[in-house]
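Below is one structure, written out as structure tokens, with a few remarks after it.
Where a number appears in this text, it was derived from the coordinates with a stated rule and is not lab data. All figures in this text were calculated on a predicted structure; none of them were measured in a lab. Positions of Cβ are backbone-derived with ideal geometry, glycine not excepted, and every protein chain shown enters the neighbour counts.
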Amino acid sequence: MVNFLILEGVQENHGPRQSGNRLLACEVKSGATLHTAFLKNLHQFADRTETLLPKPELELRLVYGGDRTQRRSETDCLGWREIHEIK
């Protein structure tokens, strides 16, 4: 289950993002060891979103009970102490 979403119109002028919609999907898992299965719901959400919304900039985040921040399968996986990094 995706725990929360942030959808906003973006009007920034730095980096590759010029304008459009930003959609951030985040899921929280309590396990301290990051498992690939943790990403299943986020990826299903991403697949469904592509058919429903007009090309948002989709960002996927997973917060888990571990300490290491890493990137897996186009998803930022944050240790629970880094939850403040979600913006």
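Around Ala37, what is the net charge, scoring Lys/Arg as +1 and Asp/Glu as -1 over all other residues with Cβ under 15 Å from its Cβ?
On the way: positive: Lys29, Lys40, Arg72; negative: Glu27.
Its environment carries a net charge of +2.
From the alpha carbon gyration tensor of segment 27-87, can you work out the equivalent ellipsoid semi-axes (sqrt of 5 times each eigenvalue) and give them in Å, largest to smallest? Don't skip to the answer; put the middle values down first.
Values: eigenvalues 98, 31, 14 Å².
So the equivalent ellipsoid measures 22, 13, 8 Å along its semi-axes.
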